[in-house]
Amino acid sequence: MAKESKLNGIQKAAILFITLGPEASSPIIKKLPESEIQKITYEIANITSVTSDQRQEILNEFMEMNKARDYILEGGMDYARQLLSKALGTTRAEEILEKVSDATAQYRPFSIARKADAHQLLNVISNEHPQTIALILCYLQPDKGAQVMAELPEEVQSEVAFRIATMSNTSPMVIKEIEKVLEGKLSSMIRTEMTSLGGVQTLVDILNQVDRTTEKNITESLEREDAELADKIKSSMFVFEDIITLDDVSIQRILREVEGKDLALALKGCSEDVANAIFRNQSKRAAASLKEDMEFLGPVRLMDVEKAQQKIVSVIRRLDEAGEIIISRGGEDAIIL
């Protein structure tokens, strides 16, 4: 285990959750972005030992940063600096404020409202109290806030504008409560950006970084649970453009298994790097013939190109599973000469 001073934020979070225990950690973890959950759970799984000093130091840092964030939300940076300096000293206060200001810059309340379009948002908040509307508009992108404001009734516009102009401090608890209610109303309407969290592609990204044994164990388990889902995941794990990551010997082995018409069609929709990787692993005569076949095809449908590429990817996956080629992976997938 590395010394605490060398730990990054993800590692510190992992140690914090270990320290807090499952019951206290679970509600916090559920509120994190899926990408962060994956990173933190990976670190938790790989931490073998944590000293009591590390636990206490990270727990203290968490409590200090949480307190600093509340102070900033209550009265701004100067207010937080004043209170923290009295409690912890000027040097330590500045260290904490520097860390928490970076974290606060990455998080702003009402993120789901910023993802919604102005019309969706207007439908949800138009009947809310002017003070609530004003608070929400303060956290929107200026152009989106302007669109919502323009669609409000005139009498509501003026009252909301007045409340925005005279707003100073708002309790963090009030902000959280309003955000929670708004998120509940918008969740059924919002679809943008939500599909990128979790799902097949997230799992594919993880499996592409694990060792071959782990990948095999997971995919075999998925096959027993849901064969269709397992096929979708396996077909997504190596895309046609990834051919450039293979060594020349592997590419030559693949070419012996691929039909010429499929290869010509697949190359019609690929990058120059991929095409060159194929050409350099053929004889001059075969490469020239392949180029002629590609020209002869003329315009082709994208659907046909993708189908041909997927057939070649299936060949690659089959050869990889048979151990005849090597697809580079993370983890312990090393090559011994």
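Conditions tested, residue by residue: (1) modelled with pLDDT under 85; (2) small (Gly, Ala, Ser); (3) at positive phi.
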{"site": "Ser289", "(1), (2), (3)": "no, yes, no"}
{"site": "Val305", "(1), (2), (3)": "no, no, no"}
{"site": "Gly323", "(1), (2), (3)": "yes, yes, yes"}
{"site": "Gly330", "(1), (2), (3)": "yes, yes, no"}
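If you go through segment 130-169, how many residues are assigned to a helix (DSSP H, G or I) and of a type in the set (Ser, Thr, Tyr)?
Number of matching residues: 3.
Using beta carbons and a limit of 7 Å, which pairs, at least six apart or on different chains, have the first residue in segment 12-26 and closer than 16 Å to Gln56 by Cα and the second one among the charged types (D, E, K, R) and open to solvent by 20 Å² or more (accessible area, probe 1.4 Å)?
Ala14/Glu43; Ile15/Arg55; Thr19/Arg55
Go through segment 171-183 and report how many residues are of a type in the set (Gly, Ala, Ser) and loosely packed, with under 11 Cβ neighbours inside 10 Å.
Here is the first cut: in segment 171-183, the ones of a type in the set (Gly, Ala, Ser) are 171.
Restricting the remaining residues to those that are loosely packed, with under 11 Cβ neighbours inside 10 Å gives none.
Count: 0.
Taking helices (runs of 4 or more DSSP H) that do not extend beyond segment 14-98, which have at least 1 residues that are more than 30 Å from Met167 (Cα to Cα), open to solvent by less than 30 Å² (accessible area, probe 1.4 Å) and of a type in the set (A, V, I, L, M, F, W, C)?
On the way: elements: 22-29, 34-46, 52-88.
So the answer is 34-46, 52-88.
Return the residues of segment 157-170 that are surrounded by 11 or more Cβ atoms within 10 Å (Cβ to Cβ) and modelled with pLDDT under 75; say none if nothing qualifies. Lay out the reasoning, then the answer.
We begin by selecting, within segment 157-170, every residue surrounded by 11 or more Cβ atoms within 10 Å (Cβ to Cβ); these are 157-164, 167, 170.
Across segment 157-170, the qualifying residue is only Thr170.
Assuming Ile326 fulfils every condition listed in (1) within 14 Å of Lys261 (Cβ to Cβ); (2) not in a helix (DSSP H, G or I); (3) not small (Gly, Ala, Ser) apart from one, which condition is it?
Just one mismatch for Ile326, condition (1).
Leu265 versus (1) farther than 17 Å from Phe240 by Cα; (2) open to solvent by 30 Å² or more (accessible area, probe 1.4 Å): which is the lone unmet condition?
Checking Leu265 against (1) farther than 17 Å from Phe240 by Cα; (2) open to solvent by 30 Å² or more (accessible area, probe 1.4 Å), the one that fails is (1).
Checking the structure you have, find out if any residue of segment 27-35 is at pLDDT 75 or above and not β-branched (Val, Ile, Thr).
no
The values are calculated or read from the model by the stated rules, or taken from the named source; none is laboratory data. No experiment lies behind these values; they were computed from the predicted model shown. Counting neighbours? That spans all protein chains shown, and the Cβs are built from the backbone with ideal geometry, glycine included. Please note that ligands, DNA and RNA were not included when accessible areas were found on the heavy atoms of the full protein model with its side chains. Shrake-Rupley method; radii C 1.70, N 1.55, O 1.52, S 1.80 Å.
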